[in-house]
Amino acid sequence: MSDRLKVAFMVYEFPILSETFILNQIAGLIDRGCEVDIYAERRGNSDKVHPLVKKYHLLERAYYLPELPENLLARLIKGIKIIPKHIKVCPSQLRRSLYPFPLTDLTLSLWLLHTIIPNLDRDYDIVHCQFGTQGFRGMAFRQVNVPQAKLITTFRGHDISSFVQQKGQDVYQQLFRYGDFFLTNCDFFRNKAISIGCPSDQIEVNRSGLDCDRFTYQPRSLPEDGEIQIVTTGRLVEKKGIEYVIRAMAKLAPSYPHLRYKIIGEGHLRSYFTDLIQELNLTENVELMGWRNETEIVETLSNTHIFVAPSVTAADGNQDAPINVLKEAMAIGLPVISTYHGGIPELVEDGKSGFLVPERNAEALADKLGYLIEHPELWSDMGKEGREFVLQHYNLERINDDLMNIYRSLINSDKIATRTT
């Protein structure tokens with residue numbers, strides 16, 4: 001093995017704006033001398049891309065896996081057509097794709113056959129699956145293309161919550177058996193993975209870090225015009241819990257007519273929120289701002305006084321880790337209000353950097369918002385606490401160093417002794 005590690009990232013879609021945490025890892029690994037390629041199942045929107053995609057020319061590093069038909073019969077028909085081509089071009093890969101051991105289920109379902117990359121001229125040290133749902137494709141990719149590589153899977157949210165609820169507690173048993181190591185972005189999801197069968201000595205927390213240098217710390221104080229700005233950033237989906245802040249605003253607006261709530265993001269609930277805002281007579285107080293790029297979001301946060309992230313457990317079981325938008329708000333010096341949900345209590349210290357309330361509780365949200373409105377002298381201290389906590393626990397450079405150490409430890413030994421972080 002050369003000192004220059006070669007890493008294959010397995011993702012579902014690329015590029016995708018909402019997965020900055022993955023881009024931060026890729027950029028950090030490249031900065032540390034790794035050769036990183038990205039293998040995606042789906043081609044994303046290349047018209048709107050994160051600045052890191054352009055800076056590191058990541059579209060040139062992206063490859064798109066062969067389409068895997070949903071129907072087994074369709075896979076069989078397509079497989080029969082491609083086998084003759086693979087016999088000539090990549091016979092050893094074809095042989096591994098049809099060999100029934102060790103990945104029997106993947107062999108029989110033809111996943112392996114449809115994951116062959118003809119003429120693959122790359123040798124990888126690490127295959128890193130981003131989200132557990134990519135672990136199946138990662139197992140197949142490794143077996144047929146780079147059998148000597150180590151397989152790592154990172155669990156991040158829906159893959160260890162709603163996906164498990166839908167597919168069953170044993171959905172990852174094969175991955176836990178044949179994967180080399182596992183990561184999660186918080187203790188909450190590490191414990192969940194262990195509870196469904198992941199070996200406790202083969203899983204470690206590697207948090208999603210933040211480049212705090214991009215967020216200028218600014219203590220908050222009551223504006224002279226008395227207009228207090230509240231912001232939420234996130235997709236307009238059930239899990240983000242935005243409905244409950246809108247309902248909290250209905251309770252607060254009569255007493256605080258100069259209170260303003262801006263919602264940055266897009267999603268399928270936009271029309272529902274538009275109707276709800278009108279129904280509650282909040283058109284002067286609540287604004288749906290739609291999608292904004294990173295620069296615009298930072299500018300909005302810089303002119304905000306309170307940040308709210310009211311995450312809830314969705315009906316399908318989907319849950320959040322400590323979300324990046326909360327880290328960004330804390331890094332910039334905002335007092336925050338969030339919920340006792342998923343991994344968020346690992347990030348927000350109730351009563352220090354902000355407040356935590358129960359999920360789906362508009363009354364509790366209104367109560368804590370009202371308290372902060374009445375006590376602006378708390379804003380600066382809470383913002384300082386939040387900034388310091390993010391700097392200490394979510395430093396991007398340190399977390400990327402940790403990931404490199406995990407890679408090297410995995411390559412140099414059969415197992416990693418997990419560390420307390």
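Just so it is clear, none of the values below were taken in a lab; they were calculated from the coordinates. Being a predicted model, the structure only gives us computed values, none of them experimental. Glycine gets a Cβ as well: all are built from the backbone with ideal geometry, and neighbour counts include every protein chain shown.
Observations on the structure shown:
- Segment 267-319: Cα Rg divided by the 2.2 N^0.38 Å rule of thumb: 1.38
- Legend: ranking of residues Lys352, Lys48 from fewest to most surrounding C-beta atoms inside 10 Å; resulting order Lys48, Lys352.
- For segment 212-393, the relative contact order is 27 percent, taking Cα pairs closer than 8 Å that sit 6 or more residues apart in sequence and dividing their mean separation by the residue count.
- Between helix 362-374 and the chain there is an angle of about 60 degrees, using the helix long axis and the longest principal axis of the Cα atoms.
- Amide H contacts under 5 Å for Arg235, placed H, 5+ residues apart: none
- Over all projection directions, the Cα-based convex hull of segment 278-407 averages an area of 10.1 nm².
- In Hz, Karplus ³J(HN,Hα) per residue of segment 189-204 (6.51, -1.76, 1.60; θ = phi - 60°; x = Gly, Pro): 7, 4, 4, 5, 4, 5, 5, 10, x, 6, x, 5, 8, 10, 9, 9
- Distant-in-sequence amide contacts of Phe9, defined by a placed amide H-H separation under 5 Å and a gap of 5 or more residues or a different chain, comprise Asp37, Ile38, Tyr39, His128.
- Relative contact order (%) - criterion: Cα under 8 Å, at least six apart; region: the chain: 14 percent
- Seen against the Cα atoms of the chain and their longest principal axis, helix 379-393 is set at about 10 degrees.
- The modelled label-to-label distance between Asp381 and Glu363, using points 7 Å beyond Cα along the C-beta direction, is 2.9 nm.
- The stretch between Lys167 and Glu397 holds 79.2 nm of extra length on full extension. This uses 0.36 nm per residue minus the Cα-Cα distance.
- Cα-projected label distance for Met289 with Gln218, points at 7 Å along beta-carbon direction, nm: 1.1 nm
- Here the chain yields Rg over Rh of 1.01, to two decimals, using C-alpha coordinates and the Kirkwood radius.
- Segment 211-310: radius of gyration and largest Cα-Cα distance (Dmax), Å: 13.7, 41
- Under 5 Å from the amide H of Lys150 lie the amide H atoms of Ile126, Val127, each residue being 5 or more positions distant or on a separate chain, with H modelled from the backbone and absent for Pro and chain starts.
- Listed values for segment 266-281 are Karplus-derived 3J(HN,Hα) couplings in whole Hz (6.51 cos²θ - 1.76 cosθ + 1.60, θ = phi - 60°), namely 10, x, 6, 8, 4, 5, 5, 5, 4, 5, 5, 4, 5, 4, 8, 6, and x replaces Gly and Pro.
- Pairwise centroid distance, computed over Cα atoms, of segment 201-241 with segment 141-198, Å: 28 Å
- Sequence-ordered 3J(HN,Hα) estimates for segment 51-62 from the Karplus curve with 6.51, -1.76 and 1.60 and θ = phi - 60° stand at x, 5, 4, 6, 4, 9, 6, 6, 4, 6, 9, 9 Hz, glycine and proline given as x.
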